[in-house]
Structure formats: C-alpha cells, structure tokens
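Take a look at the structure below.
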Amino acid sequence: MGVRIKAPSRIHITLIDLNGSIGRVDGGIGLALEFPYIEIKASDCDEVIVIGDFENRGRFENVATKFHEKFGKGIEVEILESFPSHIGLGSGTQISLAVGKAYAELHGMDMSVREIAEFTGRGGTSGIGVAVFEHGGFIVDGGHSRRQKSGFLPSSFSRAPPPPVIARYDFPDWEVHLFVPTQKGFAGLKEKDLFERNTPVSMGDVRALSHIILMKLMPAIVEHDLDELSKAVYRIQHLGFKKAEVSQYGDVAWGFIELLKDYGAVGLSSTGPTLYFIGSRKHAREGERYLEEKGIEHWYVRSRARNRGAEVGV
C-alpha cells in the first residue's frame, strides 16, 4: 500500500498583532499557491528511508524519524517535488504535514492535520501554513491567547498549538508572480533575533493594520478588486513587523515594491527573501529587469492561488 501527498506553498502577507496588549498575539493573513509545491510518495517500511531531493532530504528524514521514534513503525518517502527552505514560502510546514499525513494514512492513525502540526512543532506563530494544507485559499488566523503564548517568537521557538482560522475565502484567479533571490531568508537564531529586536510593535500600527485588513483587504478579495487589494498590501508593507521584515533587505526590496505598487499587489512573503507580485505578466517582467539590473540572482515562478487544500491519494 502507498499514499501520495501534494502540499501547496504559500505567501505569508503579514502577522497582525505583535503587541499583545489586547490578550492575543500573532494572527496572520496569507494564501495558498499552486506552484511551487511539495509532493511525496510514501509506503510502509520497517525503518525510515527517504529518497531524492538532496538539499531538503534531511528535513523529510527528521519528520519521518520523529514519527518512527514515537509510534514505532517506519516509512519510506520518495520526494517527487520540493522547493528550497527558508525562502518565505513555507516549505518546513508543508514537509512536516505531508510526511505526517502520509505516516498517519499508511498506519491507520486517526490523527488530524492540526494534531500532526502540533506534534511536529508547526503553527506556533502563524497558522497560515497549516490552514492552507487543510483548506487552501486566502486565510486569516486569529493568533494565540496569551495563556497559550506569552512572548513574541517564531514558530521554531514556540510550542503553542496552531491558531484558529477566523476567515477563509477563495482567492480570485489572478496571476501570482514570485521572485526568489538565491540568498536565504531568516531562520533559527537569526529569525529569533529579528523578532526580539522588533517586538513588541506599537499598538497604533496594530490598529492601523487590523483596520486595513478588515475594511480594505478582505473586501477587495471578496469583490475581486485588484486595485483595492494592491493599495492594502502596499500599506501593510509599511506597518509593524512587516516593515521590519522588508527593511532587512534594504533599498532593493523597497525599490521593487515602489516600482510595482501601481500595477498590482506587491510585497515580501514572510521574512523573505521572496518578493511577490499579483498582477499582469507584463508588469512582472519589469520586476525581473529591476532585479537583474541590481545584480540580484533569483529564480522566477509564475503561479496562481490554490483554492483547495493538500491532495491525498494513492
């Protein structure tokens, strides 16, 4: 018996509340993508065997080993498709959930996606990756109660459970363009330091951000209004923790955003370095030329939103 899992990447637009004075922290907004994606084929085995994708193989092995050590049964995982880690597209969560879901399916375990996420230590800050695996589409999560999580830490340093989804919509059929510099983004202690240096954010920024999300960005998605979405995403880049994330990449990132802001929704995904542009291919080419002129090596992906969750089959 075998099982095949295909899990989406995601854009993480922003965290919402890294002030916490109202009694909750985190919260996030983002959307699932068709490309790139994680795809594996798994089968029963007495031990842990992982085949393929030299760069990311260790991450698949770590998750599979964790299940093997806890539950005693093995798994063979063949990596059919993957994408690099620490680029702002959520590979770590999708690897964890794909391997965990395959393990549960193979061994007849009644383990939900959220239980898999908690067991593998995912969703401790943002719930977007877990939610896009479950549902796809555009997601707003409600963050964590201060009873669950007292500080401001990235998921890799937080043991809080995945936060609740408080809104989910199908995302319009707009082109999504990804520009992925070859440099790595923030991870491990570097990411922890980014949080520690830039939190708590001001309550004024949290209120402004919440207002923009509720009264501009979410209606724009429901009404398929790309112009309003673009204005909302542009303003988000200049608020709170997102501003700190973009600023780590200096004038190149800010220049890219300024170049494309009048033509579509443009911003930095998660802690980067991936920049996204939701709009026409014509204007996306301008973004490509800009990065080339700046001498920024990158790869480009033309994608769309994915309005369904992970695929689980045989």
Residue list for the range 137-160, filter: part of a loop (DSSP other than H, G, I, E, B) and closer than 29 Å to VAL252 by Cβ: PHE152, LEU153, PRO154
Looking at this structure, is GLY295 of a type outside the set (S, T, N, Q), modelled with pLDDT of 95 or more and on the phi > 0 side of the Ramachandran plot? yes
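Conditions tested, residue by residue: (1) touching a residue at least 40 places away in the same chain (Cβ under 8 Å); (2) within 16 Å of GLN183 (Cα to Cα); (3) in contact with a helix residue (DSSP H, G or I) (Cβ under 9 Å, 6 or more places away or on another chain); (4) surrounded by fewer than 19 Cβ atoms within 10 Å (Cβ to Cβ).
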{"residue": "PRO273", "(1), (2), (3), (4)": "yes, yes, yes, no"}
{"residue": "GLY279", "(1), (2), (3), (4)": "yes, no, yes, no"}
{"residue": "ARG285", "(1), (2), (3), (4)": "no, no, no, yes"}
{"residue": "GLU292", "(1), (2), (3), (4)": "no, yes, no, yes"}
{"residue": "ARG304", "(1), (2), (3), (4)": "yes, no, no, yes"}
{"residue": "GLU311", "(1), (2), (3), (4)": "yes, no, no, yes"}
Please enumerate the residues belonging to the range 161-191 that are modelled with pLDDT under 90, of a type in the set (Gly, Ala, Ser) and either surrounded by 15 or more Cβ atoms within 10 Å (Cβ to Cβ) or more than 20 Å from LEU268 (Cα to Cα) (or both). GLY185, ALA187
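Going by what's in this entry, would ALA131 be described as crowded, with 23+ Cβ neighbours inside 10 Å, more than 13 Å from the chain's Cα centre (by Cα) and touching a residue at least 12 places away in the same chain (Cβ under 8 Å)?
Here the answer is no, as ALA131 does not meet what is asked.
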Please give the number of the condition ASP262 fails out of (1) buried (at least 17 other Cβ atoms within 10 Å of the Cβ); (2) modelled with pLDDT of 95 or more; (3) within 28 Å of ASN307 (Cα to Cα). (1)
Log entry, pairs with first residue in the range 177-191 being within 23 Å of GLU292 (Cα to Cα), second being among the polar types (S, T, N, Q), beta carbons closer than 6 Å, six or more apart or on different chains, reads LEU178/THR274; VAL180/THR274; GLY185/THR271; PHE186/THR271
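For (1) in contact with a Phe, Trp or Tyr (Cβ under 7 Å, 6 or more places away or on another chain); (2) at pLDDT 95 or above; (3) hydrophobic (A, V, I, L, M, F, W, C), each residue gets a yes or a no:
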{"position": "MET1", "(1), (2), (3)": "no, no, yes"}
{"position": "GLY30", "(1), (2), (3)": "no, yes, no"}
{"position": "PHE35", "(1), (2), (3)": "no, yes, yes"}
{"position": "VAL48", "(1), (2), (3)": "no, yes, yes"}
{"position": "GLU76", "(1), (2), (3)": "no, yes, no"}
Cβ-Cβ under 8 Å pairs, at least 6 apart or on other chains, the range 32-58 side closer than 16 Å to HIS68 by Cα, far side aromatic (Phe, Trp, Tyr): ALA42/TYR103; VAL50/PHE60
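One line per residue, one yes/no per condition, for (1) under 26 Å from GLU175 (Cα atoms); (2) among the aromatic types (Phe, Trp, Tyr); (3) modelled with pLDDT under 95:
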{"position": "LEU194", "(1), (2), (3)": "no, no, yes"}
{"position": "VAL201", "(1), (2), (3)": "no, no, no"}
{"position": "ARG207", "(1), (2), (3)": "no, no, no"}
{"position": "ILE212", "(1), (2), (3)": "yes, no, no"}
{"position": "MET218", "(1), (2), (3)": "yes, no, no"}
{"position": "GLU228", "(1), (2), (3)": "yes, no, no"}
{"position": "VAL233", "(1), (2), (3)": "yes, no, no"}
{"position": "LEU239", "(1), (2), (3)": "yes, no, no"}
{"position": "LYS242", "(1), (2), (3)": "yes, no, no"}
Select, from PRO172, PRO163, the only residue that is assigned to a loop (DSSP other than H, G, I, E, B), closer than 22 Å to SER96 by Cα and touching a residue at least 12 places away in the same chain (Cβ under 8 Å). PRO163
Which ones in the range 59-84 are free of Cβ contacts under 8 Å to residues at least 24 places away in the same chain and either at positive phi or among the small types (Gly, Ala, Ser) (or both)? GLY72
How many residues of the range 192-208 are buried (at least 20 other Cβ atoms within 10 Å of the Cβ) and either without any contact (Cβ under 8 Å) to a residue 12 or more places away in the chain or over 19 Å from the mean Cα position of the chain (by Cα) (or both)? The answer is 2
Output for the range 125-170, where each listed residue is of a type in the set (Val, Ile, Thr) and touching a Ser or Thr at 6+ places or on another chain (Cβ under 9 Å): THR125, ILE128, VAL130, VAL132
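Considering the range 57-91 alone, what residues qualify as being β-branched (Val, Ile, Thr), over 25 Å from PHE179 (Cα atoms) and crowded, with 24+ Cβ neighbours inside 10 Å?
VAL63, ILE75, VAL77
The values are calculated or read from the model by the stated rules, or taken from the named source; none is laboratory data. Please read all numbers here as calculations on a predicted model, not as lab measurements. Methodologically, a virtual Cβ is constructed for each residue, glycine included, from the backbone with ideal geometry; neighbour enumeration extends over all protein chains shown.
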